[in-house]
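Below is one structure, written out as structure tokens; the observations come after it.
The values are calculated or read from the model by the stated rules, or taken from the named source; none is laboratory data. These numbers were taken from a predicted model, which means no experiment stands behind them. Cβ: placed from backbone, ideal geometry, glycine included. Neighbour counts: every protein chain shown. Note: areas computed on protein heavy atoms with side chains; ligands, DNA, RNA excluded. Shrake-Rupley method; radii C 1.70, N 1.55, O 1.52, S 1.80 Å.
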Amino acid sequence: MEPTDSGLQQHGGDPGPSSVTASSPPVTPPSRYESQKRRDWNTFLQYLKNHKPPLALSRCSGAHVIEFLKYLDQFGKTKVHVATCPYFGHQQPPSPCACPLKQAWGSLDALIGRLRAAYEEHGGRPDSNPFAARAVRIYLREVRESQAKARGIPYEKKKRKRPATVTTARIDVAPSRQSEGGGGCNVSDPSVAEAVPP
């Protein structure tokens, strides 16, 4: 007989209470967001380490964050037309051009959000968070606007959805409908369908 971990063969298939051990709950792998945030954080720390001269995180400012974002442009995949390019402002240029590839604004914005959270998770104070610096917000806004012009893409601020308001409407109900027990409200009636959002 081969030894087993659970002792099933020794106890006839029932491990019994003596062989059941309490185990810790299973460890779930980190979410995609958490994994990406960790990679971004490690990349930024490596950037600071390779900085000339090396830069401590405690001495990092919004200007260093902007420098990091500009450094990342060399790895970008988004074509951003320069003002002298004949395709400046065109969403779908008909042929290739020599304009540079850069990081897309949306990627930079998401990156800053993850690094901002990571900084505070690693003990940084919110009031000294370089990723939340005003200069970084201004830089991101300028990148968004310049890329929108260069690529012919209008960026419109998303409007916040307001909670649906309840509108009371007078509904005239035929007398025969009231006696059927339906409460007198016919949902297929256009006046009701228009008053209730889908």
Q.
Going residue by residue through region 80-103, is there one that turns out to be part of a helix (DSSP H, G or I), in contact (Cβ under 8 Å) with a residue 24 or more places away in the chain, surrounded by 17 or more Cβ atoms within 10 Å (Cβ to Cβ) and in contact with a Leu (Cβ under 6 Å, 6 or more places away or on another chain)?
A. no
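Among the residues of region 52-79, how many are in a loop (DSSP other than H, G, I, E, B) and either open to solvent by 70 Å² or more (accessible area, probe 1.4 Å) or under 17 Å from Val136 (Cβ atoms) (or both)? Reasoning before the result, please.
Looking only at region 52-79, we keep the residues that are in a loop (DSSP other than H, G, I, E, B), and these are 52-56, 60-61, 76-77.
Those still in the list that are either open to solvent by 70 Å² or more (accessible area, probe 1.4 Å) or under 17 Å from Val136 (Cβ atoms) (or both) too: 52-55, 60-61, 77.
Looking only at that region, the number is 7.
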Q. How many residues are open to solvent by less than 40 Å² (accessible area, probe 1.4 Å) and in a helix (DSSP H, G or I) if we restrict to region 115-145?
A. 11
